[in-house]
Amino acid sequence: MKAAAFLDRDGVVNVDRGYVFRREDFEFVTGTLDAAHELKSMGLALVVVTNQSGIARGYYGPEQFHALTDWMKETFAAHGAALDGVYFCPHHPTEGEAQYRRACNCRKPAPGLLLDAAHDLDIDLHRSVLFGDKASDLQAALAAGIPHRILLGTDGREEPDHVFPGGLATERFRSLADAVRSDAMRALLARLPHEQAAA
């Protein structure tokens, strides 16, 4: 079983402009691709996990999401940071088109996306880390048993000042790049792939 770095998309990987589905609106947060390359070089699997209720709301369709995702994956790969998977939730519990309007186990803060990725990709969640900019990201990680839950500032603009109860965030940084540059965080991330797999 492998260790993984899970990345939220909007606000962590790209600037969150609200329901981004076109390449011309997709702007990588500064330093994200280089940081992803570093994570990959440490031996971590890279997995994006993202709520995409814009599909439920009818703002864009699955085909448009997948087209953007294919381009995003190609861009990661071109920077030496090939993604091992991209998992998304198209649902919303109360809004949108009937086929997508339902409570589900995949919309964060539920852990379904993380559990599915762990099953499909042979990931040890107990040796993994999640980077997110919202409480729902960290809540999903906690529910999935991920011990390292890193709160980032949305769009890498500034260090987050949110205080979540119960130790929800184990570390806080302005951006993914800042997290990976931190000496203590680098040491932790480099250690995860070599720890003994959880029983």
(message) Consider the stretch 63-104. How many of its residues are among the hydrophobic types (A, V, I, L, M, F, W, C) and either touching a Gly at 6+ places or on another chain (Cβ under 6 Å) or assigned to a helix (DSSP H, G or I) (or both)?
(response) 9
(message) Can you pull out every residue in the stretch 27-57 that is open to solvent by 40 Å² or more (accessible area, probe 1.4 Å), touching a residue at least 24 places away in the same chain (Cβ under 8 Å) and in a loop (DSSP other than H, G, I, E, B)?
(response) Thr30, Gly43, Arg57
(request) Mind counting the residues in the stretch 92-108 that are surrounded by fewer than 20 Cβ atoms within 10 Å (Cβ to Cβ) and either without any contact (Cβ under 8 Å) to a residue 40 or more places away in the chain or under 19 Å from Gly11 (Cα atoms) (or both)? (result) 9
(message) If Gly80 satisfies all but one of (1) in contact with a Leu (Cβ under 7 Å, 6 or more places away or on another chain); (2) open to solvent by 20 Å² or more (accessible area, probe 1.4 Å), what's the number of the condition it fails?
(response) (1)
(request) Could you tell me which of the residues Tyr87, Tyr60 is in contact with a Leu (Cβ under 9 Å, 6 or more places away or on another chain), buried (at least 16 other Cβ atoms within 10 Å of the Cβ) and under 25 Å from Ile123 (Cβ atoms)? (result) Tyr87
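The values are calculated or read from the model by the stated rules, or taken from the named source; none is laboratory data. Just so it is clear, the model here is predicted, and its values are computed rather than measured. Reconstructed Cβ throughout: ideal geometry from the backbone, glycine too, with neighbour counts over all protein chains shown. Areas reflect the complete protein model, heavy atoms only, side chains present, ligands, DNA and RNA absent. Shrake-Rupley method; radii C 1.70, N 1.55, O 1.52, S 1.80 Å.
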